[in-house]
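A quick write-up on the structure given underneath.
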Amino acid sequence: MLIDLRSDTITKPTPAMREAMANAEVGDDIFGEDPTVNALEAYVAELLGKEAAVYMPSGTMTNQVALRVYTEPGDEIILESEAHIYYYEGGAPAALSGAICRLIKGDKGIFTAEDVEGELRPENPHFPRTKLVCLENTHNRGGGSIFPLSEIEAIARLCQSHHLKLHLDGARLWNACAATGISESDYAKPFDSVSVCFSKGLGAPVGSALVGSQEMIQRARRFRKMFGGGMRQAGIIAAGALYALKNHRERLLEDHINAKILAKGLQQIEGIVISPEDVQTNIVIFQTKNIPAQVLEQRLQELGVLVLATGSHSIRAVTNLMVTQEQVEKVPEIVESAMRSLKSVISYQ
Ligand code: TLP
């Protein structure tokens, strides 16, 4: 059986989740008449301590709709250089909002209020108008790193004093909460809006929500429609999300334990560089010293372990609902044998 560590997006609905989906009451959500979507939106808004929420097909859409709500063409967004919004969303800030991105180089995706302050521009017709700062928690390319709440609060104070909006890409906020014990609403409080995903570690098949003030979410509904994200009997999928929210948040700790086990095992392998203490949640990123990441990815696939090359010598493995501790424990051994076989091939070339 394959051990699939490419992403936590590969998770499939459990039988109980499928049952909840099959039995979901539905209606036309564009008329606001889908009771399950309405229940999900109310639940997630309350959980995050915000006035309102809107359900969308993907985390890319919730992020990009938020950007569109806050900016006009020519406006500027400040965000981290490897933020998903910038790195993995197909150039959407430019294409869909006409916004430009000003990048901060973070430490595993984390940056400070001083970093933001250094990027602020005076009001002057030469400059784009900075409207928005975006954070990511946990940070995907930062290896699932957690943004410290005190730093978030300092950034929020800075944003307020400069009339900047603050948005969180909280696709994996659930993981930050499980790891720290800090509640979703405490994490969400400093932000004007938060995007959360149900289809990653929580295991629901589809969807994300954007939460914020009534006014913000009303505008977001308009852009969701414009971007093609208005859905009809979406209660079928929203039921999976609601089930996941109510039943799968606590179990994320299992994924975090498995990630640590994996990191510690990988640390023992010659030619692999990883610091297990950097692994805070469910994402494990390791470097391959002498072997190109894509070559190792390919060999591991042949041996039944799926991972993702995320750089020339960097590989990501994400523990998730579909992978047991027993399977994770086997992975370092498989990586070691893959490395050994590749070393002999490479040294003969
Ligand atoms: N991340 C995916 C890929 O797109 C890289 C993954 O496998 O990790 N924010 C963050 C922080 C994300 O990691 C992702 C998905 C998204 C937003 C977008 O979510 P979707 O895939 O629903 O558009």
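The values are calculated or read from the model by the stated rules, or taken from the named source; none is laboratory data. The shown structure was predicted, so the numbers you read here are calculated from the model rather than taken from an experiment. Cβ coordinates were reconstructed from backbone atoms using ideal geometry, including for glycine residues, and neighbour counts include every protein chain displayed. Keep in mind that these areas ignore ligands, DNA and RNA; they rest on the heavy atoms of the full protein, side chains included. Shrake-Rupley method; radii C 1.70, N 1.55, O 1.52, S 1.80 Å.
With a cut-off of 8 Å between alpha carbons and a minimum separation of six or more residues, what is the relative contact order of segment 1-124 in percent?
15 percent
Please go through segment 224-309 and write out the GluC sites (Glu not before Pro) that DSSP classes as loop and that have at most 14 other C-beta atoms within 10 Å.
E250, E270
Over all alpha-carbon pairs of segment 1-128, lay out the pair-distance distribution in 5 Å bins, whole %, shortest bin first.
Histogram of Cα-Cα distances, whole percents per bin: 2, 8, 12, 14, 16, 16, 12, 9, 7, 3, 1, 0, 0.
Restricting attention to segment 4-63, which GluC sites (Glu not before Pro) occupy a DSSP loop and are surrounded by at most 14 other Cβ atoms within 10 Å?
E25, E33, E51
At a threshold of 8 angstrom on Cα-Cα distance, excluding pairs fewer than six apart, so keeping six or more, what relative contact order does the chain reach in percent? Provide the component values of the computation, followed by the final result.
Numbers: 724 pairs, mean separation 84.9, N = 349.
Rounded, it is 24 percent for the chain.
Connecting C-alpha atoms closer than 10 Å in a GNM of the chain, tell me which of G74, G181, G240 has the biggest fluctuation.
Highest fluctuation of the listed residues: G181.
Modelling each spin label as a point 7 Å along the Cα-to-Cβ direction, I'd like the E46/Q267 distance in nm, to one decimal.
So the two model labels end up 4.3 nm from each other.
Treating the beta-carbon of each Lys and Arg as +1 and of each Asp and Glu as -1, no other charges, what is the dipole magnitude of segment 116-274 about its Cα centre, to the nearest 20 debye?
My answer is approximately 740 debye.
Add +1 for every Lys or Arg and -1 for every Asp or Glu among the other residues with Cβ under 14 Å from the Cβ of A309, and state the total.
Summing Lys/Arg as +1 and Asp/Glu as -1 gives +3.
Which FRET efficiency value, to the nearest 0.05, do you get for S341 and A94 by plugging their Cβ-Cβ distance into 1/(1 + (r/R0)^6) with R0 = 45 Å?
Working: r = 43 Å, r/R0 = 0.96.
Efficiency for this residue pair is about 0.55.
Of all DSSP beta bridges located in the chain, what percent are antiparallel, nearest 5?
So the antiparallel bridges in the chain amount to around 50 percent.
Counting each DSSP H run of 4 or more residues in the chain as -39500 (n - 2.57), what helix-only mean residue ellipticity at 222 nm follows after dividing by all residues, to the nearest 500 deg cm²/dmol?
Numbers: 14 runs with 153 residues, N = 349.
One gets -13000 deg cm²/dmol as the mean residue ellipticity at 222 nm.
Please name which of Y88, G49, L166 has its Cα lying farthest along the dipole of the chain towards the positive end, using unit charges on Cβ (Lys, Arg +1; Asp, Glu -1) and the Cα centre as origin.
Y88
Rank S81, S183, S312 by mean-square fluctuation in a GNM of the chain with C-alpha springs under 10 angstrom and give only the top-ranked residue.
S312
If I model a spin label at F31 and S314 as a point 7 Å from the Cα along the Cα→Cβ vector, what separation in nanometres do I get?
4.9 nm
Among N23, I100, A179, which residue has its Cα positioned farthest towards the positive end of the charge dipole of the chain, with +1 placed on the Cβ of Lys and Arg, -1 on the Cβ of Asp and Glu, and the dipole taken about the Cα centre?
I100
Tell me the trypsin sites (Lys or Arg not before Pro) within segment 272-326 that lie in a loop according to DSSP and have at most 11 other beta-carbon atoms within 10 Å.
K289
Once neighbouring chains are kept in place and the probe is 1.4 Å, which whole percent of the accessible area of the chain is contributed by carbon and sulfur?
50 percent
Once amide H atoms are placed 1.01 Å from N in the peptide plane, what residues at a sequence separation of 5 or more from A99, or on another chain, have their amide H within under 5 Å of its amide H?
So A99 has HN proximity to G74, A94.
Output the Cα-based Rg and Dmax of the chain in Å, rounding Rg to one decimal and Dmax to a whole number.
20.8, 66
With no solvent and one point per C-alpha, what does the Debye sum give as log10 I(q)/I(0) for segment 236-349 at q = 0.14, 0.22, 0.23 Å⁻¹?
These q points yield log10 I(q)/I(0) values of -0.59, -1.18, -1.27.
Under the rule of at least 5 residues apart or a separate chain, name every residue whose amide H is placed under 5 Å from the amide H of S7.
Amide H neighbours of S7: V318.
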